[in-house]
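Contents: one structure, followed by commentary.
The values are calculated or read from the model by the stated rules, or taken from the named source; none is laboratory data. All values derive from a computational prediction rather than experimental measurement. Cβ: placed from backbone, ideal geometry, glycine included. Neighbour counts: every protein chain shown. Calculation scope for accessible area: heavy atoms of the full protein, side chains included, ligands and nucleic acids excluded. Shrake-Rupley method; radii C 1.70, N 1.55, O 1.52, S 1.80 Å.
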Amino acid sequence: MKKIVVLISGSGSNLEAIIESCAAKKINGRVIQVISNNPDAYGLTRASKFNIPSRIIDHKKFPSRIDFENSLEEFLDMLSPDLIVLAGFMRILGTKITSKFSNKMINLHPSLLPIYPGLHTHEKVLENKDPHHGISIHYVSSELDAGPLIAQGFIDIGKDETLKNMIKRIHKIEHLLLPEIINEICNENIYLDNNEVKYRNINLHNHKLIKRSYEI
Ligand code: GAR
(Lines give C-alpha, C1' and ligand atoms only; values in the text may rest on other atoms or scores of the structure.)
Protein backbone atom coordinates (compact mmCIF):
# COMPACT_ATOMS: atom_id res chain seq x y z
CA MET A 1 0.00 0.00 0.00
CA LYS A 2 1.36 3.41 -0.97
CA LYS A 3 2.48 5.84 1.72
CA ILE A 4 0.83 9.24 1.44
CA VAL A 5 1.87 12.41 3.26
CA VAL A 6 -0.58 15.33 3.24
CA LEU A 7 0.52 18.93 3.74
CA ILE A 8 -2.09 21.40 4.98
CA SER A 9 -2.39 24.94 6.27
CA GLY A 10 -6.03 25.27 7.22
CA SER A 11 -9.39 23.54 7.50
CA GLY A 12 -8.28 20.21 6.05
CA SER A 13 -11.59 19.20 4.49
CA ASN A 14 -9.64 17.69 1.58
CA LEU A 15 -7.40 15.88 4.03
CA GLU A 16 -10.50 14.34 5.59
CA ALA A 17 -11.84 13.33 2.17
CA ILE A 18 -8.51 11.60 1.46
CA ILE A 19 -8.45 9.81 4.83
CA GLU A 20 -12.04 8.65 4.39
CA SER A 21 -11.35 7.39 0.88
CA CYS A 22 -8.39 5.39 2.19
CA ALA A 23 -10.57 3.92 4.94
CA ALA A 24 -13.24 3.01 2.36
CA LYS A 25 -10.51 1.41 0.20
CA LYS A 26 -11.24 3.87 -2.60
CA ILE A 27 -7.57 4.83 -2.40
CA ASN A 28 -4.96 2.12 -2.61
CA GLY A 29 -2.84 3.80 0.01
CA ARG A 30 -2.79 5.23 3.50
CA VAL A 31 -2.04 8.61 5.01
CA ILE A 32 1.06 8.04 7.14
CA GLN A 33 1.60 11.64 8.18
CA VAL A 34 -0.02 15.07 8.13
CA ILE A 35 2.23 18.13 8.14
CA SER A 36 0.96 21.64 8.80
CA ASN A 37 2.90 24.89 8.63
CA ASN A 38 0.12 26.47 10.69
CA PRO A 39 -0.13 25.45 14.36
CA ASP A 40 -3.81 26.48 14.43
CA ALA A 41 -4.92 24.54 11.36
CA TYR A 42 -8.23 22.75 12.00
CA GLY A 43 -6.90 19.93 9.81
CA LEU A 44 -4.69 18.92 12.75
CA THR A 45 -7.83 18.18 14.78
CA ARG A 46 -9.20 16.16 11.87
CA ALA A 47 -5.93 14.17 11.69
CA SER A 48 -6.05 13.33 15.38
CA LYS A 49 -9.72 12.28 15.09
CA PHE A 50 -8.52 9.58 12.67
CA ASN A 51 -5.36 8.79 14.67
CA ILE A 52 -3.09 9.99 11.90
CA PRO A 53 0.25 11.35 13.15
CA SER A 54 0.67 15.05 12.58
CA ARG A 55 3.65 17.38 12.80
CA ILE A 56 3.69 21.16 12.89
CA ILE A 57 6.53 22.73 10.96
CA ASP A 58 5.78 26.38 11.56
CA HIS A 59 7.46 28.53 8.92
CA LYS A 60 7.36 31.49 11.32
CA LYS A 61 9.81 29.73 13.63
CA PHE A 62 12.57 29.64 11.01
CA PRO A 63 14.95 32.50 10.22
CA SER A 64 14.48 32.10 6.45
CA ARG A 65 12.37 30.31 3.87
CA ILE A 66 15.19 27.96 2.98
CA ASP A 67 15.61 26.93 6.63
CA PHE A 68 11.90 26.09 6.78
CA GLU A 69 12.10 24.15 3.54
CA ASN A 70 15.24 22.28 4.63
CA SER A 71 13.47 21.14 7.77
CA LEU A 72 10.44 20.06 5.75
CA GLU A 73 12.69 18.27 3.26
CA GLU A 74 14.56 16.45 6.01
CA PHE A 75 11.30 15.23 7.57
CA LEU A 76 9.91 14.15 4.19
CA ASP A 77 13.14 12.28 3.47
CA MET A 78 12.79 10.43 6.75
CA LEU A 79 9.16 9.49 5.97
CA SER A 80 10.11 8.30 2.50
CA PRO A 81 6.57 8.72 1.12
CA ASP A 82 5.33 7.48 -2.25
CA LEU A 83 3.15 10.55 -2.68
CA ILE A 84 3.06 14.03 -1.13
CA VAL A 85 -0.25 15.86 -1.48
CA LEU A 86 -0.47 19.61 -0.99
CA ALA A 87 -4.12 19.93 0.04
CA GLY A 88 -4.74 23.53 1.02
CA PHE A 89 -1.04 24.06 1.78
CA MET A 90 -0.57 27.80 1.46
CA ARG A 91 3.23 28.17 1.30
CA ILE A 92 5.18 28.56 -1.91
CA LEU A 93 7.96 25.98 -2.07
CA GLY A 94 11.32 26.72 -3.69
CA THR A 95 13.36 24.95 -6.34
CA LYS A 96 15.45 22.72 -4.06
CA ILE A 97 12.55 20.89 -2.42
CA THR A 98 10.24 20.89 -5.44
CA SER A 99 12.87 19.45 -7.76
CA LYS A 100 13.77 16.79 -5.22
CA PHE A 101 10.17 15.56 -4.97
CA SER A 102 8.96 16.66 -8.42
CA ASN A 103 7.69 13.24 -9.50
CA LYS A 104 5.83 12.55 -6.25
CA MET A 105 4.41 15.89 -5.12
CA ILE A 106 0.99 17.05 -6.29
CA ASN A 107 -1.01 20.20 -5.57
CA LEU A 108 -4.71 20.97 -5.53
CA HIS A 109 -5.58 24.46 -6.79
CA PRO A 110 -9.02 26.08 -6.90
CA SER A 111 -9.04 27.38 -10.48
CA LEU A 112 -8.85 26.14 -14.03
CA LEU A 113 -5.12 26.69 -14.46
CA PRO A 114 -3.40 28.38 -16.21
CA ILE A 115 -6.05 30.97 -15.33
CA TYR A 116 -5.91 32.42 -11.83
CA PRO A 117 -2.78 31.04 -10.22
CA GLY A 118 -2.25 32.34 -6.68
CA LEU A 119 -4.90 33.62 -4.29
CA HIS A 120 -8.54 34.83 -4.48
CA THR A 121 -9.47 32.63 -7.40
CA HIS A 122 -13.19 32.48 -6.52
CA GLU A 123 -13.50 36.26 -6.28
CA LYS A 124 -11.80 36.62 -9.67
CA VAL A 125 -14.26 34.21 -11.30
CA LEU A 126 -17.20 36.27 -10.04
CA GLU A 127 -15.59 39.62 -10.88
CA ASN A 128 -14.95 38.50 -14.43
CA LYS A 129 -18.39 36.85 -14.76
CA ASP A 130 -16.77 33.63 -15.95
CA PRO A 131 -19.28 31.01 -17.14
CA HIS A 132 -17.15 28.21 -15.62
CA HIS A 133 -15.00 27.64 -12.60
CA GLY A 134 -13.15 24.61 -11.38
CA ILE A 135 -10.16 22.95 -9.83
CA SER A 136 -6.82 21.71 -11.03
CA ILE A 137 -4.57 18.96 -9.77
CA HIS A 138 -0.98 19.14 -10.95
CA TYR A 139 2.53 17.97 -10.23
CA VAL A 140 4.43 20.61 -8.32
CA SER A 141 7.22 22.62 -9.91
CA SER A 142 9.12 25.58 -8.51
CA GLU A 143 6.89 27.94 -10.48
CA LEU A 144 3.72 28.78 -8.56
CA ASP A 145 0.67 26.73 -9.65
CA ALA A 146 2.34 25.94 -12.96
CA GLY A 147 3.56 22.32 -12.84
CA PRO A 148 2.30 19.66 -15.28
CA LEU A 149 -1.49 19.36 -15.13
CA ILE A 150 -3.02 15.99 -14.27
CA ALA A 151 -6.74 16.67 -14.01
CA GLN A 152 -9.36 19.41 -13.93
CA GLY A 153 -12.91 19.48 -12.61
CA PHE A 154 -15.40 21.96 -14.06
CA ILE A 155 -18.62 23.54 -12.79
CA ASP A 156 -20.95 25.99 -14.55
CA ILE A 157 -21.45 29.34 -12.91
CA GLY A 158 -24.90 30.91 -13.23
CA LYS A 159 -25.33 34.68 -13.18
CA ASP A 160 -26.85 34.64 -9.69
CA GLU A 161 -24.08 32.54 -8.15
CA THR A 162 -22.85 33.70 -4.74
CA LEU A 163 -19.31 33.45 -3.46
CA LYS A 164 -20.33 31.28 -0.53
CA ASN A 165 -22.28 28.81 -2.62
CA MET A 166 -19.58 28.65 -5.28
CA ILE A 167 -16.89 27.84 -2.71
CA LYS A 168 -19.14 25.11 -1.31
CA ARG A 169 -19.56 23.62 -4.79
CA ILE A 170 -15.79 23.81 -5.44
CA HIS A 171 -15.11 21.95 -2.20
CA LYS A 172 -17.57 19.24 -3.19
CA ILE A 173 -15.82 18.56 -6.48
CA GLU A 174 -12.39 18.70 -4.81
CA HIS A 175 -13.52 15.99 -2.40
CA LEU A 176 -14.52 13.80 -5.36
CA LEU A 177 -11.71 14.40 -7.84
CA LEU A 178 -8.67 14.60 -5.55
CA PRO A 179 -9.15 11.14 -3.93
CA GLU A 180 -9.82 9.65 -7.36
CA ILE A 181 -6.59 11.06 -8.80
CA ILE A 182 -4.61 10.02 -5.72
CA ASN A 183 -5.88 6.47 -6.19
CA GLU A 184 -4.83 6.45 -9.86
CA ILE A 185 -1.36 7.64 -8.86
CA CYS A 186 -1.16 4.98 -6.13
CA ASN A 187 -2.10 2.40 -8.75
CA GLU A 188 0.60 3.80 -11.06
CA ASN A 189 -1.96 4.71 -13.70
CA ILE A 190 -0.73 8.30 -13.55
CA TYR A 191 2.95 9.21 -13.31
CA LEU A 192 5.43 11.82 -14.37
CA ASP A 193 7.96 10.94 -17.05
CA ASN A 194 10.42 13.57 -18.28
CA ASN A 195 8.21 16.29 -16.87
CA GLU A 196 5.24 14.94 -18.84
CA VAL A 197 2.16 13.38 -17.23
CA LYS A 198 1.53 9.83 -18.48
CA TYR A 199 -1.74 7.92 -18.15
CA ARG A 200 -2.35 4.17 -18.23
CA ASN A 201 -5.76 2.49 -18.39
CA ILE A 202 -7.49 5.87 -18.31
CA ASN A 203 -9.73 7.14 -21.11
CA LEU A 204 -8.93 10.81 -21.67
CA HIS A 205 -11.75 11.22 -24.23
CA ASN A 206 -9.41 13.01 -26.67
CA HIS A 207 -8.21 15.51 -24.08
CA LYS A 208 -4.58 15.90 -23.01
CA LEU A 209 -5.52 15.53 -19.34
CA ILE A 210 -8.41 14.26 -17.24
CA LYS A 211 -11.34 16.69 -17.56
CA ARG A 212 -14.50 16.20 -15.57
CA SER A 213 -17.68 18.27 -15.60
CA TYR A 214 -19.81 18.17 -12.48
CA GLU A 215 -23.45 19.09 -12.07
CA ILE A 216 -23.26 20.03 -8.45
C1 GAR B 1 -9.02 24.16 -1.17
O2 GAR B 1 -10.11 24.77 -1.80
C3 GAR B 1 -7.80 24.18 -2.09
O4 GAR B 1 -8.14 24.10 -3.44
C5 GAR B 1 -7.20 25.52 -1.77
O6 GAR B 1 -7.36 25.68 -0.39
C7 GAR B 1 -8.55 25.00 0.01
C8 GAR B 1 -8.22 24.16 1.22
O9 GAR B 1 -9.38 23.61 1.78
N10 GAR B 1 -5.82 25.55 -2.13
C11 GAR B 1 -5.19 26.63 -2.53
O12 GAR B 1 -5.73 27.72 -2.62
C13 GAR B 1 -3.73 26.42 -2.87
N14 GAR B 1 -3.22 27.51 -3.63
P15 GAR B 1 -9.28 22.51 2.91
O16 GAR B 1 -8.24 23.00 3.90
O17 GAR B 1 -10.66 22.48 3.50
O18 GAR B 1 -8.88 21.24 2.25
task = Report, by residue number, each residue of the stretch 112-156 that is hydroxyl-bearing (Ser, Thr, Tyr), under 18 Å from ILE170 (Cα atoms) and open to solvent by 20 Å² or more (accessible area, probe 1.4 Å).
result = TYR116
request  = Kindly indicate whether any position in the stretch 4-15 is surrounded by 14 or more Cβ atoms within 10 Å (Cβ to Cβ) and in contact with an Asp or Glu (Cβ under 6 Å, 6 or more places away or on another chain).
outcome  = yes
task = Just one of (1) touching a residue at least 40 places away in the same chain (Cβ under 8 Å); (2) over 17 Å from ILE173 (Cα atoms); (3) not acidic (Asp, Glu) trips up LYS26, so point out which.
result = (2)
ask   = When the residues of the stretch 133-151 are filtered to those that are among the aliphatic types (A, V, I, L, M) and near the ligand (Cβ under 10 Å from one of its atoms), which remaining residue is farthest from the chain's Cα centre (by Cα)?
value = LEU144
query = Looking at the stretch 133-156, which of its residues are touching a residue at least 40 places away in the same chain (Cβ under 8 Å), hydroxyl-bearing (Ser, Thr, Tyr) and in contact with a Leu (Cβ under 7 Å, 6 or more places away or on another chain)?
reply = TYR139
ask   = Would you call ILE115 β-branched (Val, Ile, Thr), without any contact (Cβ under 8 Å) to a residue 40 or more places away in the chain and within 16 Å of the ligand (Cβ to nearest atom)?
value = yes
